[in-house]
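The structure under discussion appears below in the form of structure tokens.
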Amino acid sequence: MSFTDRTLTCRDCGQQFAFTAGEQEFYQSRGLVNDPGRCPDCRQARKQTRGGGGGGGYAYSTATGQGGGGGYDRPRREMFPATCSQCGKETQVPFQPRGDKPVYCSECFESVRGGRGY
């Protein structure tokens, strides 16, 4: 089956947006039968208000027409500066170090956790 680009109207903002042939093919490959009701900007805004998730953890780029599994758009994690407790190297960690527990750089963390079965 061949697809052609179509113009749809967003149910939220009323703007027209393109439903490309590549997107239509993607929808069909996933078994989706309904056209999108929202433009990409309104879909993104809705995902953000619903906790960033959405569905099955599959990212699809309308710009490139290609999928890229493994995640969804979410805000960048805040990183904090720290000094590795083992090697003394300056590093960044995704939590605020409190000083009551050791903090490791990624290399030392791998060696420390190595035998714990994580």
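The values are calculated or read from the model by the stated rules, or taken from the named source; none is laboratory data. As the structure is a prediction and not an experimental result, all values here were calculated from the model. Ideal geometry is used to build each Cβ from the backbone, glycine not excepted, and the neighbour counts take in all protein chains shown.
Consider segment 76-95 and keep the residues that are modelled with pLDDT under 90 and not in a strand (DSSP E or B). The one that is surrounded by the fewest Cβ atoms within 10 Å (Cβ to Cβ) is Arg76.
Reported count of residues in segment 19-37, each being in a helix (DSSP H, G or I) and acidic (Asp, Glu), is 2.
Checked against (1) at pLDDT 90 or above; (2) of a type in the set (Lys, Arg); (3) surrounded by 13 or more Cβ atoms within 10 Å (Cβ to Cβ), Arg11 passes all but a single condition, namely (3).
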